[in-house]
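The values are calculated or read from the model by the stated rules, or taken from the named source; none is laboratory data. In this text, all values refer to a predicted model and were calculated from it rather than measured experimentally. Methodologically, a virtual Cβ is constructed for each residue, glycine included, from the backbone with ideal geometry; neighbour enumeration extends over all protein chains shown.
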Amino acid sequence: MAKIHAAITGVQGWVPETRLTNFDLEKMVDTNDEWIVTRTGIRERRILKTPGWATSDMAAEAVKGLLEKTGTKPGEIDLLIVATVTGDMIFPDTANTVCDKIGAKNAFGYDINAACSGFLFALSTGAQFIQTETYKKVIVVGADMMSSIVNYKDRNTCIIFGDGAGAVLLEPRKDGNGILDFVLRSDGAGREFLHMNAGGSKMPASHETVDNGDHFVYQEGKRVFKFAVEGMVSTVQDVLRRNHLTNDDVNWVIPHQANMRIITSVSEHLQIPMEKVTVNIEKYGNTTAGTLPLCMWEFQDQFKKGDNIILTAFGGGFTWGSVYLKWAI
Ligand code: UT7
């Protein structure tokens, strides 16, 4: 009997309308467009300004679009997973809020916190429920409102991050297409270099934590950069080796959009040309869990059924990994 794989049968993204350009940032911190473009590749990012809106609203917008384009009714969804580090609240899970906002009455949901690798971790997890024939329709969302945890007085971080969400529908397929393999890794020792100190049980919110800026993203960019290139390259190579693929067999690499120099370095190390690498960092910056589905959404018209696609990411935790899939639409 043909093996069942979890296939992505629809992709939808959503980004806020408000643009924060490099020129806007020049007025906020000691930086300039030329530095940002050459060091990161970013020209602008989207910022969620709608009063009362949060990560769940961006996710819900992406999911509503996904349901419409795939002809799926909210009641048909079995499970909805949200990858995010900027959930609406510490609890309950943002996935539950999203299910409520879209009317997914028969679904259960939960969040996965794996920072910039969150979408990969959530996608691999969601795929298991399809592959084991437990469920028929699983939605995986990557969404982050990074503007809610970025210090707009810190030029090291505020130039990088943006807000956005992307969602995919997973359904069973027996034609050999779908999610075929993944290599995921984490190393908690890396938390030193990329984290948000306060707001959890280690350092509950207080006047002092607010005054110290402990509720903002802290990143040692140079250290993270080095680990990011190594982690993405090694897990792509692992996934290729395990599936007897050469770099020539790869039709597309969808990398996390953290820094254009990381993306080109990954492409060079893998000897996979940039024409096969999806890039939209110039428009959205680093949307954390949102980058991979947003890239997939924007490039899907160029993908062909059966294309070998590798998704790869690195982020806070540290967490990193790569997923191998054959495009199914
Ligand atoms: O998505 C999760 C994982 N995150 C990543 O993968 C991010 C990885 N890291 C990076 O993308 C880069 O390290 C950054 C974009 C964060 C920083 O770029 P960099 O080339 O590593 O710069 P740097 O931190 O080494 O700083 C070089 C210089 C410093 O000045 P001095 O000490 O050489 O005088 C910084 O103070 O550039 C300065 N600098 C800036 N100058 C203008 C740092 N940020 C800025 C800025 N504008 N925004």
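Numbers at a glance
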{"read-out": "Residue count for segment 88-118, restricted to those that are assigned to a helix (DSSP H, G or I) and within 16 Å of the ligand (Cβ to nearest atom)", "value": "4"}
{"read-out": "Matching option when the condition is over 18 Å from Cys158 (Cα atoms), hydroxyl-bearing (Ser, Thr, Tyr), touching a residue at least 24 places away in the same chain (Cβ under 8 Å) and away from the ligand (no atom under 13 Å from the Cβ), among Thr9, Thr18", "value": "Thr9"}
{"read-out": "Residue, surrounded by the fewest Cβ atoms within 10 Å (Cβ to Cβ), within segment 23-60, restricted to residues that are away from the ligand (no atom under 14 Å from the Cβ) and assigned to a helix (DSSP H, G or I)", "value": "Asp57"}
{"read-out": "Sole exception among (1) more than 16 Å from the ligand (Cβ to nearest atom); (2) more than 27 Å from Lys326 (Cβ to Cβ); (3) of a type outside the set (D, E, K, R) for Met196, by number", "value": "(1)"}
{"read-out": "Per-region count, segment 198-232, residues out of contact with any helix residue (DSSP H, G or I) (no Cβ under 7 Å at 6 or more places or on another chain), surrounded by fewer than 16 Cβ atoms within 10 Å (Cβ to Cβ) and free of Cβ contacts under 8 Å to residues at least 60 places away in the same chain", "value": "16"}
{"read-out": "Answer from Asn259, Asn308, Asn286 - the residue that is at pLDDT 95 or above, over 21 Å from Val140 (Cα atoms) and of a type outside the set (Ser, Thr, Tyr)", "value": "Asn259"}
{"read-out": "Unmet criterion (only one of (1) within 29 Å of His5 (Cα to Cα); (2) surrounded by fewer than 21 Cβ atoms within 10 Å (Cβ to Cβ); (3) out of contact with any Gly (no Cβ under 7 Å at 6 or more places or on another chain)) for Ala167", "value": "(2)"}
{"read-out": "Phe121 vs. criteria within 16 Å of the ligand (Cβ to nearest atom) and under 21 Å from the mean Cα position of the chain (by Cα)", "value": "yes"}
{"read-out": "Any chance Phe216 is assigned by TED's automatic domain parsing to the domain that holds Ser322 and in a helix (DSSP H, G or I)", "value": "no"}
{"read-out": "Failed criterion for Ala167 (all others in (1) under 18 Å from Thr287 (Cβ atoms); (2) away from the ligand (no atom under 16 Å from the Cβ); (3) assigned by TED's automatic domain parsing to the domain that holds His269 hold)", "value": "(3)"}
{"read-out": "Odd one out for Pro172, checked against (1) in a strand (DSSP E or B); (2) closer than 24 Å to Thr55 by Cβ", "value": "(2)"}
{"read-out": "Count of residues meeting criterion [surrounded by fewer than 17 Cβ atoms within 10 Å (Cβ to Cβ) and over 30 Å from His5 (Cα atoms)] in segment 171-192", "value": "4"}
{"read-out": "Residues within segment 1-48 that are touching a strand residue (DSSP E or B) at 6+ places or on another chain (Cβ under 8 Å) and of a type in the set (Lys, Arg), tallied", "value": "4"}
{"read-out": "Candidate set: segment 124-147, residues that are of a type in the set (Gly, Ala, Ser) and within 16 Å of the ligand (Cβ to nearest atom); chosen: the one nearest to the chain's Cα centre (by Cα)", "value": "Gly142"}
